[in-house]
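Following: one structure in structure tokens, then a few remarks.
The values are calculated or read from the model by the stated rules, or taken from the named source; none is laboratory data. Given the structure is predicted, the values throughout are model-derived calculations rather than measurements. All Cβ positions, even for glycine, are placed from backbone atoms using ideal geometry, and neighbour counts span all protein chains on display.
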Amino acid sequence: MTSTSDTSDTAVSVTPHPAAHRRLGVPAVTFMIVAASAPLTVLAGGVTTTFAVTGVLGVPLSFLLLGAVLAIFAVGYAAMSRYVTNAGAFYSYVSQGIGRPLGVGVSIVALVSYNAMQIGVYGLFGYQVASLLNTKFGWDLPWWLPILVCIAIVGVLGVNRVDLSAKVLGVLVALEFLVVIVYDVAAFVVAPEGVSAQALSPAALFVPGIGAVFAFGIAAFMGFEGAAIYGEEAKDPKRTVARATYTAVGVIALFYALSSWAMTIASGPAKVIKDSTEQGPNLIFSFLETNVGVLISDIAQVLFITSLFASLVSFHNAVARYFFSLGREGVLPSWLARVRAHSRAPWAGSLTQTVLALVVIAVFALASVGWVPPKGAPAILFPVLTLFSWLTNTGALGLVLLMAIVSFAVVGFFRRSGHGLGVWQRVVAPVVSGIGLTVVFILIVVYFNTLLTSDPTAPPSATTFLLPAIVILSGVAGIVWGYVLKRRNPRVYAQIGHGTEKQNTEEHNTAEQNAPEL
């Protein structure tokens with residue numbers, strides 16, 4: 001595609017990021033990935049919810065098993081990242097590994113999933129900020145007001161240098177890790193029932209609720225696959241992406257396994273499920289207040305909010321780069337490829353995501369008027385029980401589906417040329433991870449109603465079917481659009497999934513266009 005430019009701050013560019021703008025090293029990309037998984041949010045919100053809903057003690061072991069599956073996925077994913085550098089990541093991998101129409105379908109699913117994850121987290125953020133301000137200062141604010149302020153801040157970061165976001169996230173994530181480590185140490189010191197490894201035993205996990213445990217657990221890893229999204233802004237794309245991906249998977253799996261195990265020690269294996277059901281996210285904060293100090297507990301609650309903020313920034317950046325990639329290649333309107341001249345940040349994609357968030361928040365804010373909460377739930381939980389629960393689980397569903405497809409795309413990509421890699425990287429690891437992730441996807445679909453309601457006995461509602469349908473039908477629509485582009489605009493079609501790569505000859509373009517596609 002051609003590119004245009006001017007000297008303004010909002011120049012249009014579909015060219016690669018110059019070396020001067022490749023600012024991200026392994027630590028920065030790793031922080032962006034870990035921030036998306038929001039460590040304190042996962043432990044205070046996700047782990048306690050998993051214990052409460054499933055009644056399964058073996059949550060710590062589930063993190064190790066999921067980490068192993070995703071580490072195997074990372075083998076092929078990282079290998080392919082050495083040869084495909086594109087801000088579209090999943091989209092470009094599937095386009096080059098399986099076929100362009102499916103690649104376009106994947107790109108739309110990715111946009112829907114990342115937007116759902118990002119906007120959904122706003123619901124929990126609004127609730128937590130409004131609740132904290134009410135508790136500490138008596139301010140009775142509507143849940144959506146803190147969200148509007150947060151959207152503005154995230155939007156400003158999104159149109160500036162990506163390493164600025166990385167630095168902000170780095171500080172917040174470091175503080176999160178510190179407070180959780182304090183909690184872990186205190187848990188093992190207090191240990192009312194002693195230090196027991198019961199939660200790490202297979203017998204504690206392989207029980208009837210295992211499917212729901214995996215469905216909840218996979219959401220804790222969401223964002224680790226985002227390293228490739230920053231490939232064009234990495235100092236050394238061929239090494240940075242792979243190293244950051246492996247590092248993030250290892251850190252997330254080990255840290256969450258250790259900390260969720262510490263949670264079972266803090267309450268005691270016999271009481272952790274009951275305590276999680278009664279206290280929810282406050283389980284960590286009340287323990288810290290009792291055993292470490294009120295100040296540390298208050299700091300942890302503030303960091304819970306900054307944890308959510310870090311996740312919002314990370315997912316916002318991912319969405320902006322998908323918009324940029326698809327606009328650059330002509331799959332979506334070309335104005336989405338606009339970047340700021342001095343920072344190369346994709347401001348058009350960032351602004352688009354900001355507007356989408358505002359629209360969705362406005363719809364849910366209007367819907368909250370006159371909302372009748374479930375029996376026993378306070379009305380302030382509206383954004384948690386609807387916006388957060390519906391959208392984040394929908395996003396997790398879509399991203400697991402994408403990772404399963406990408407696993408098989410790796411096999412297809414290296415089928416044409418092995419690039420000197422061994423059969424483990426090219427075939428075995430991708431196939432194993434593809435099968436494993438497909439199983440996880442099926443489990444999420446089966447237990448989707450439980451994920452939305454936190455009640456295994458609740459009857460399915462319309463959202464149980466509507467939300468997964470949005471993910472799947474958006475992918476089908478994308479595939480159809482891919483075939484439309486093939487017929488109407490062969491030049492754009494030939495470039496799909498290739499980003500900044502140059503086609504060597506017109507004959508090569510024609511050969512690829514006419515090649516069989518799935």
Options SER307, SER311, SER297: the member that is among the hydroxyl-bearing types (Ser, Thr, Tyr) and in contact with a Pro (Cβ under 8 Å, 6 or more places away or on another chain)
SER307
Is one or more of the residues making up segment 118-133 part of a helix (DSSP H, G or I), free of Cβ contacts under 8 Å to residues at least 40 places away in the same chain and at negative phi?
yes
Consider only pairs whose beta carbons are under 9 Å apart and that are at least six residues apart or on different chains; among these, list those whose first residue lies in segment 168-197 and is under 21 Å from VAL313 (Cα atoms) and whose second residue is part of a loop (DSSP other than H, G, I, E, B).
VAL173/ALA38; GLU176/ALA38
Unique residue being within 27 Å of GLY478 (Cβ to Cβ), under 17 Å from the mean Cα position of the chain (by Cα) and among the basic types (Lys, Arg) when the list is ARG321, ARG328, ARG338
ARG321
Would you pick out the residues in segment 387-404 that are touching a residue at least 60 places away in the same chain (Cβ under 8 Å), over 13 Å from the mean Cα position of the chain (by Cα) and under 30 Å from TYR77 (Cα atoms)?
PHE388, SER389, TRP390
Would you please list the contacts, defined by Cβ atoms under 6 Å and residues six or more apart or on different chains, that run from a residue in segment 283-310 that is closer than 22 Å to PHE188 by Cα and crowded, with 20+ Cβ neighbours inside 10 Å to a residue that is of a type in the set (Ser, Thr, Tyr) and modelled with pLDDT under 90?
LEU283/THR48; LEU283/SER276
Matching option when the condition is in contact with a helix residue (DSSP H, G or I) (Cβ under 9 Å, 6 or more places away or on another chain), among the aromatic types (Phe, Trp, Tyr), under 23 Å from LEU485 (Cα atoms) and buried (at least 24 other Cβ atoms within 10 Å of the Cβ), among TYR77, TYR114, TYR93, TYR122:
TYR93
Just give me the residues in segment 243-289 being among the aromatic types (Phe, Trp, Tyr) and over 20 Å from PHE221 (Cβ atoms), in sequence order.
PHE285, PHE287
Across segment 335-353, the tally of residues that are surrounded by 20 or more Cβ atoms within 10 Å (Cβ to Cβ) and in a helix (DSSP H, G or I) stands at 8
In segment 162-177, is there at least one residue being among the hydrophobic types (A, V, I, L, M, F, W, C), at pLDDT below 95, at negative phi and touching a strand residue (DSSP E or B) at 6+ places or on another chain (Cβ under 7 Å)?
yes
Note on segment 198-219: residues in a helix (DSSP H, G or I) and not hydrophobic (A, V, I, L, M, F, W, C) are GLN198, PRO202, GLY211, GLY217
Find the residue count for segment 414-455, including only residues that are surrounded by 14 or more Cβ atoms within 10 Å (Cβ to Cβ) and either of a type in the set (Lys, Arg) or in contact with a Lys or Arg (Cβ under 6 Å, 6 or more places away or on another chain) (or both).
2
Leading residue by the ranking (modelled with the highest pLDDT) among those in segment 354-381 that are closer than 18 Å to GLN128 by Cα and part of a loop (DSSP other than H, G, I, E, B):
SER368
VAL109 passes all but one of the listed conditions (1) surrounded by 24 or more Cβ atoms within 10 Å (Cβ to Cβ); (2) modelled with pLDDT of 90 or more; (3) over 18 Å from the mean Cα position of the chain (by Cα); the exception is number (3)
Candidates VAL384, VAL313, filtered to the one that is in a helix (DSSP H, G or I), within 30 Å of THR438 (Cα to Cα) and within 15 Å of the chain's Cα centre (by Cα):
VAL313
Complete set of residues in segment 365-395 that are surrounded by fewer than 23 Cβ atoms within 10 Å (Cβ to Cβ) and aromatic (Phe, Trp, Tyr):
TRP371, TRP390
Scanning segment 228-278 for residues that are under 30 Å from ALA345 (Cβ atoms) and charged (D, E, K, R), the one modelled with the highest pLDDT turns out to be ARG243
TRP139 fails exactly one of (1) under 19 Å from the mean Cα position of the chain (by Cα); (2) more than 20 Å from ILE472 (Cα to Cα), namely (1)
